[in-house]
Amino acid sequence: MGNPVFARAEAFQPHSNQQVWQGQQGYQQSQSWGGQPAAAGPGYDPYAQQSQPVMTFDDVVAKTGLVLLTIFAIGVVTYLGVIDRPGLAGGAALLSALVGFVTVMIVASRAKVPVAGVIAYAVIEGVFIGAISAIFERMFPGIVVQAVLGTFCAAGVTLAAYKFLNIRVTSRFRQVVTIATIGFAVAMLANLVMAFFVPAGLGLRAFGAGAGWLPILGSAIGVVLAAMNLVVDFDSAEQGVRNQAPASESWRAAFGVAVTMVWLYTEILRILSYFRSN
């Protein structure tokens with residue numbers, strides 16, 4: 001999958017309709033003759049299994065809203081605190097970006113996503129969003145409001161297209177999104193490393209109306225990839241509900257969507273700057 005949050009989570013993988021998620025025990029056959037749950041070995045109690053809370057769309061929506069609201073609230077506080085301190089804003093953006101990346105890798109690798117880890121990520125990304133927004137707002141007044149509206153419009157259109165155009169997320173689609181996302185991430189990392197030796201790095205990142213065609217192309221690809229990852233995220237959440245994943249896995253779904261939304265916002269913020277003058 002493109003999003004590392006779902007990469008190792010079996011509960012969100014496409015499976016046969018004959019299978020349901022059985023927590024940490026993996027998948028078991030859900031049907032037998034007569035439509036009754038099939039026996040899963042000595043001591044198996046189908047009624048006890050059915051009593052375990054499972055993930056629902058309401059769970060995913062509620063937790064996603066909570067995570068995004070936390071990011072927004074912390075972002076506003078950070079923005080107000082650093083808007084008149086460019087040096088502090090730059091340091092906060094860089095540090096929170098690095099810590100946020102490490103946090104995503106740690107939380108995503110856990111068999112059971114820790115709620116505290118998800119909230120910690122939301123706080124860290126709130127600092128990052130607030131700091132980078134302050135940097136861009138000082139250079140291009142009014143751009144932050146445009147970027148926020150653009151992000152939610154893009155996410156809304158993507159969700160609508162997924163639901164109403166009946167977009168099918170096949171294994172090939174997932175592979176393409178994964179390979180493209182990894183390639184994009186490697187290119188951006190190489191550009192960042194080169195920036196320590198050459199001010200412009202590889203020339204893949206810039207801002208403002210003076211940016212060349214290469215940064216514009218890079219940001220456009222970033223927006224398209226972020227939207228494609230959102231489609232995969234929506235499908236993964238739907239698979240989790242269909243697979244009857246444990247209710248706690250709704251935090252993983254919320255976490256995955258939030259990671260993609262932050263990426264989408266930063267790409268839209270940057271691409272909007274190309275149409276603004278300093």
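The values are calculated or read from the model by the stated rules, or taken from the named source; none is laboratory data. Since this is a predicted model, take the numbers as computed values, not measurements. A quick note on method: Cβ atoms are made from the backbone with ideal geometry, for glycine too, and the neighbour counts reach across all protein chains shown. Ligands, DNA and RNA are stripped out before the accessible areas are found, and what is left, the full protein with its side chains, is counted by its heavy atoms. Shrake-Rupley method; radii C 1.70, N 1.55, O 1.52, S 1.80 Å.
Values for this structure:
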| read-out | value |
| --- | --- |
| Unmet criterion (only one of (1) open to solvent by 20 Å² or more (accessible area, probe 1.4 Å); (2) at pLDDT 90 or above) for V232 | (1) |
| Restricting segment 212-229 to residues that are surrounded by fewer than 20 Cβ atoms within 10 Å (Cβ to Cβ) and either over 25 Å from G256 (Cβ atoms) or free of Cβ contacts under 8 Å to residues at least 12 places away in the same chain (or both), the residue that is nearest to the chain's Cα centre (by Cα) | V224 |
| Among the candidates A195, A254, A206, A185, residue that is within 26 Å of D59 (Cα to Cα) and among the small types (G, A, S) | A254 |
| Residues that are assigned to a loop (DSSP other than H, G, I, E, B) and without any contact (Cβ under 8 Å) to a residue 12 or more places away in the chain, drawn from segment 92-113 | R110 |
| Only one of G240, G256 that is over 13 Å from the mean Cα position of the chain (by Cα), farther than 23 Å from R138 by Cα, surrounded by 23 or more Cβ atoms within 10 Å (Cβ to Cβ) and touching a residue at least 12 places away in the same chain (Cβ under 8 Å) | G240 |
